[in-house]
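Here is the structure we will look at.
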Amino acid sequence: MRAGTVTIIKISCLWFLFHPSIALAWNWELVQPYVLTIVLMLSFGALLLAHLSIVKMRRYQGRLEHSEERLRLSLWGSGDELWDWNIEQGTLFRSSSWQTPVELDPSTSDIPPNRQQIHPQDLDRVSEALSNHLNNQSPYFEATYRILSSDQQWVWVLDRGKVVSFNDQQQARRMTGTLKNIHHIKLAEERLQLFAQCLDSISDAVVICDTNFRILEVNPSFSRITGKDRTKVIQQQFELSLYPTSFMRDIKHTLAKEGSWFGEVQEQKTDGKTYHAELNFNIVRDEQNNIQQYVAVFSDITERKHREEQLSRLANSDTLTGLPNRALFLSQLSELVVAQKRHSLLMFDLDNFKKINDSLGHQLGDNLLCKLTERLSLFPQNKGSLYRLGGDEFAIMLENTNDIHTITSLAKELIKQINLPFFIHQHELAISCSIGIVLFPEDGQDPQTLLRNADTAMYHAKNDGGNRYLFFNDSMNKQAVKRLQIENLIRHGLKEDFFTVYYQPKMDIHSGKLVGMEALVRFITPKRGIISPATFIPVAEETGQIVEIGEVVLRKACQDVKAWIDQELFHGRVAVNLSAKQFMLPFLCEQIDDVLQQTELPSYHLELEITEGTVMQSPTMAIDTMKKLRARGIHLAMDDFGTGYSSLAYLKQFPLNTLKIDKAFVDDMDTARGRNMVDTIVTIAHNLSLTVVAEGVEQKKQLNLLKQLRCEIIQGYYYSKPLSADDFTAFLKQQLPQKPGTKTATQQSALKEIKSVVSGL
């Protein structure tokens, strides 16, 4: 029963009992039982209401106690104290989670109330912060200070609070807050500050990187050594600009394996100057032994390296000419021999130099040697490879080459330069030299044998009259003569039109239909027959004749393709190889324009194949040239991909259409490593939206593997050898779709005929 209903009943009963008119109308004896019943009912209702109120109060009290318990446990778990300051009464209560309760004298007016426990050095700062809040100058009170604990130790605390009650004059009456023990945090901060001060004061540069080698922090010595501003390197990748990206990968691999890396490096400052540094990388791990950061420490050793270089120069340089001396020559020669690197030596001395010394004096002879050194040092091919062995004896060391054409060209140029007259002290001196040439490992397996044989060859050259070069053995001389003969034969072949073009089909790997062909040069002479490309192409590249050969191939290929298009035998593209020298021509695009215009071949029927090594000689120039060719509608393919060194960063910038897999990778697909290599190349190509062509496919097994690896086009002996223009015409006719009604026997006969033509080549 609700309280409102009970009240109405009470009023109604009282009105009924005590209203005069009703009392007169009714006899008391008659109404007495009803009155008693009503009174009992009202009493019962009042008792019931009282009971419900008590139950409700108990529930509310229980919830309040639970809430207080949760608050107390939360404060206890966090380690915080709860304090309550009655400002008017001057009392302070603290929850005593880690301190003893404090009660102040009611008459105290101290601010703050616990000032006797605050460290004297912190008291003014705490008082100012509390006064600002009490005077409504700050939204809350917060201060970090030291407080005296129960064991008489100074402990760092974080004190936070806020006024929660005001009097009638809007003055603070009550304030509550929390007190947190931050002693361990403060000690850690002080330790970190100490470490930071140490890092700032040391002379070595310190760089802290994350696990991706992004720079998180550097010290002032880093900016002093490198010249780089701290704000500009934070969150930037740590890199060594003078080294390839693989260098940093090797460092990271070593760190993961051994935990540290140490070495000497060179780097450029922001002003372009180069400095030397000792670099030390170490790993910082967390509590679970996971790599958290990398720390690099390096010191500038530029001055030390300069002093070392000066001492080395004094020990290894000739005092008269400044050239590397015999000691350095023997040292570097020994290193090449131990490393088994192919190289060649040209040892020479001046013919009749003794007569010059005897007749004109040793001083003039010394001046002649200095003038000769200056002249020979002007040529780039001699830089760093010219040595003075003693007296008038010199040597040139050519690393990584045993190429006869290169060596003989250098020897001829050397003789030519020495033969030019010298003008010294009003004397015009005409001198000559004798050169002995040896190759490693053909002419000796150790430095002493090489020097002895070179000296023998030089002695024979001098006995033959001087002013000439001579290889140590007859076979080398014969090879040089043979190379010269090939050079002359190429020159004659270009004049007499002995160079022709063969075509190897490119087939769609799924349909088996022809989609294009590659133009291949063939050198066919009347007397010597076919000369292998492996024989004449290297000579043509070194002599520069490859440029003229490339133009002949391009012109003939365009003419043949135009004829096949006119006969409606072919509608694809012909791929023509560009040599490195041809690609570097400044007028290459104009030359191709002329050929296309003269042959009337649309540019989209032409594809140019460029080797990986060619474009990487000068990537920036290569990209510019390739963009010009693409703008003409010419397709571009990278040949022999993976056989050289190319940067993927450049590869994605090259405006290519096709990527060709070299035959060496196709032949190696029998192994898991070989298949993975081909799969990687195909994946790279597809990610760059390039078509993939596999070269040198000869077996059904290779074809099936390439299908599985999603290669699109193949070429090789599996379908056809390179064919002459006439034979390729027959091949094109055989590729035409058969007319309706053609008998199967006819198709088989035509296929048999073309196979016989191919096998006969």
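Assorted remarks:
- Restricting attention to region 140-160, the residues being more than 20 Å from Glu190 (Cα to Cα), in contact (Cβ under 8 Å) with a residue 12 or more places away in the chain and either touching a helix residue (DSSP H, G or I) at 6+ places or on another chain (Cβ under 9 Å) or part of a loop (DSSP other than H, G, I, E, B) (or both) number 5.
- Test for Phe298: is it over 30 Å from Leu368 (Cα atoms) and under 21 Å from the mean Cα position of the chain (by Cα): no
To keep it simple, each residue is scored yes or no on (1) assigned to a strand (DSSP E or B); (2) of a type outside the set (S, T, N, Q); (3) within 19 Å of Ala580 (Cβ to Cβ); (4) open to solvent by less than 60 Å² (accessible area, probe 1.4 Å).
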| site | (1), (2), (3), (4) |
| --- | --- |
| Gln597 | no, no, no, no |
| Ile610 | yes, yes, yes, yes |
| Met626 | no, yes, yes, yes |
| Met638 | yes, yes, yes, yes |
| Leu659 | yes, yes, yes, yes |
| Asp667 | no, yes, no, no |
| Val678 | no, yes, no, yes |
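- Per the listing Ile546, Ile490, Ile537, the residue uniquely closer than 24 Å to Gly716 by Cα and among the aliphatic types (A, V, I, L, M) is Ile537.
- Residue tally, condition exposed (fewer than 13 other Cβ atoms within 10 Å of the Cβ) and either modelled with pLDDT under 85 or basic (Lys, Arg) (or both), over region 143-168: 5
- Residue check: Asp124 meets all listed conditions (1) in a helix (DSSP H, G or I); (2) open to solvent by 30 Å² or more (accessible area, probe 1.4 Å); (3) in contact with a Phe, Trp or Tyr (Cβ under 7 Å, 6 or more places away or on another chain); (4) modelled with pLDDT of 85 or more but one, namely (3).
- Test: Asp366 is touching a Gly at 6+ places or on another chain (Cβ under 7 Å) and of a type outside the set (A, V, I, L, M): no
Okay, residues lined up against (1) hydrophobic (A, V, I, L, M, F, W, C); (2) at pLDDT 90 or above; (3) in a helix (DSSP H, G or I); (4) surrounded by fewer than 13 Cβ atoms within 10 Å (Cβ to Cβ):
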position	(1), (2), (3), (4)
Val682	yes, yes, yes, no
Val692	yes, yes, no, no
Leu703	yes, yes, yes, no
Arg710	no, yes, no, no
Tyr718	no, yes, no, no
Gln734	no, no, yes, no
Lys739	no, no, no, yes
Lys755	no, no, yes, yes
Leu761	yes, no, no, yes
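- So Ser312, is it surrounded by fewer than 19 Cβ atoms within 10 Å (Cβ to Cβ), modelled with pLDDT under 85, small (Gly, Ala, Ser) and in a helix (DSSP H, G or I): yes
- Restricting attention to region 315-325 and to residues that are open to solvent by less than 100 Å² (accessible area, probe 1.4 Å) and not aliphatic (A, V, I, L, M), the residue that is modelled with the lowest pLDDT turns out to be Asn316.
- Condition broken by Ile404, with the remaining ones in (1) at pLDDT 90 or above; (2) within 27 Å of Ala540 (Cα to Cα); (3) among the aliphatic types (A, V, I, L, M) satisfied: (1)
- Of everything listed in (1) farther than 26 Å from Ala339 by Cα; (2) part of a helix (DSSP H, G or I), the single unmet condition for Leu410 is (1).
- A search for C-beta distances below 8 Å between a residue of region 526-544 that is surrounded by fewer than 13 Cβ atoms within 10 Å (Cβ to Cβ) and part of a strand (DSSP E or B) and any residue that is among the polar types (S, T, N, Q) and at pLDDT 85 or above, counting only pairs 6+ apart in sequence or on different chains, returns nothing.
- Filter result for Val297 (surrounded by 12 or more Cβ atoms within 10 Å (Cβ to Cβ), under 24 Å from Leu398 (Cβ atoms) and of a type in the set (Val, Ile, Thr)): no
The values are calculated or read from the model by the stated rules, or taken from the named source; none is laboratory data. As the structure is a prediction and not an experimental result, all values here were calculated from the model. Because the Cβ atoms are built from the backbone with ideal geometry, glycine has one as well, and the counts that use them run over all protein chains shown. Accessible surface is based on the protein model in full, side chains and every heavy atom, while ligands, DNA and RNA are left aside. Shrake-Rupley method; radii C 1.70, N 1.55, O 1.52, S 1.80 Å.
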